[in-house]
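The values are calculated or read from the model by the stated rules, or taken from the named source; none is laboratory data. Small disclaimer: the values here were computed from a predicted structure and weren't measured. We place every Cβ from the backbone using ideal geometry, glycine too, and count neighbours over all the protein chains shown. Ligands, DNA and RNA are excluded from the accessible area calculation, which covers all protein heavy atoms including side chains. Shrake-Rupley method; radii C 1.70, N 1.55, O 1.52, S 1.80 Å.
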Amino acid sequence: MSKIDVLLSGLKIRIEHRYNYMPEFCKNYLFDFDTPDITAKTDELSVLNEKKSVPTAPIEVCESLCIYRNIAEQLPLFKRFVFHGAAIEHGGNAYLFTAPSGTGKTTHISLWKKYLGDGVRFINGDKPIINATNHPVVCGTPWAGKEGYQSKISAPLKAVCVLKQAKTNKISPIVKSDAIDCFMHQFYLPKNLNSLSTTLELMGRVIESTPIFLLECDISEQAFGLSYETLTGIKGTDA
């Protein structure tokens with residue numbers, strides 16, 4: 001068993017691993033410290049079960065997924081949680097796009113990058129950490145989906161956008177009570193009851209403090225413009 005030390009969402013995390021994949025995978029997040037906040041590890045049976053559920057994934061990738069799940073179980077102790085979504089930074093703020101897998105989250109954040117260029121940075125393309133200690137902050141991690149869109153940055157969350165594929169582009173606010181249903185399957189829900197209770201509390205905090213919108217869209221420039229102007233409050237894309 002080997003170990004590496006990383007910094008994620010301001011937390012010192014010691015990862016115990018069997019395969020050589022982890023040091024390279026986490027290379028942008030390596031950090032020296034003496035005492036960890038979290039020690040993350042997994043076991044061979046869990047890795048083998050992960051392999052059965054994702055047979056095309058290499059065994060070392062399966063180990064990394066199990067390790068991230070173990071981290072996610074412990075994050076609520078520090079008022080943090082894993083969220084299934086694609087996050088970008090623009091103008092010092094984070095914008096989070098969420099939807100079931102395959103809906104087009106990565107495609108939509110790629111539109112922001114296409115039209116805003118260096119004005120947009122990818123925080124994480126799949127599973128960022130949300131720090132909800134105070135105002136929610138979106139934090140990068142190396143677990144970023146197959147495209148690997150990620151960077152070691154964080155930014156305060158300004159808005160959340162729920163995506164839905166459609167032929168006609170339309171955006172509308174989601175009332176807080178409906179947002180709970182949209183979010184329930186996008187948060188990592190821990191098995192530990194105390195951590196689960198804390199996660200649900202944090203979810204409520206994010207919903208109450210953050211504007212949330214439903215974007216029915218295609219993959220056009222118009223779809224980007226609609227989400228950009230609504231989420232940022234800026235008309236046009238020159239800012």
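Residues that are open to solvent by 50 Å² or more (accessible area, probe 1.4 Å) and farther than 20 Å from PRO190 by Cα do occur in region 79-95. In region 144-162, of all residues being open to solvent by less than 10 Å² (accessible area, probe 1.4 Å) and in contact with an Asp or Glu (Cβ under 8 Å, 6 or more places away or on another chain), the one that is nearest to ASN28 (Cα to Cα) corresponds to ALA144. Figure legend. Inter-residue proximity from region 49-69: first residues open to solvent by 60 Å² or more (accessible area, probe 1.4 Å) and at pLDDT 95 or above, second residues in a helix (DSSP H, G or I) and of a type in the set (Gly, Ala, Ser), beta-carbon distance below 9 Å, spacing 6+ or different chains. Indicated pairs: ARG69/SER46. Of all residues in region 37-59, exactly one satisfies the criterion of being more than 22 Å from the chain's Cα centre (by Cα), part of a loop (DSSP other than H, G, I, E, B) and under 30 Å from LYS79 (Cβ atoms), namely ASP43. In region 11-36, the residues that are under 17 Å from VAL61 (Cβ atoms) and in a helix (DSSP H, G or I) reach residues that are open to solvent by less than 40 Å² (accessible area, probe 1.4 Å) and acidic (Asp, Glu) with C-beta atoms within less than 9 angstrom, at least six apart or across chains, in these pairs: TYR21/GLU63; MET22/GLU63.
The set of residues from region 111-139 being touching a helix residue (DSSP H, G or I) at 6+ places or on another chain (Cβ under 9 Å), over 28 Å from GLN222 (Cα atoms) and either modelled with pLDDT under 95 or not in a strand (DSSP E or B) (or both) comprises ALA132, THR133, HIS135, PRO136.
Quick one: which residue in VAL138, VAL160, VAL175 is more than 27 Å from GLU63 (Cβ to Cβ) and in contact with a strand residue (DSSP E or B) (Cβ under 6 Å, 6 or more places away or on another chain)? Step by step, each of VAL138, VAL160, VAL175 is checked, and only VAL160 is more than 27 Å from GLU63 (Cβ to Cβ) and in contact with a strand residue (DSSP E or B) (Cβ under 6 Å, 6 or more places away or on another chain).
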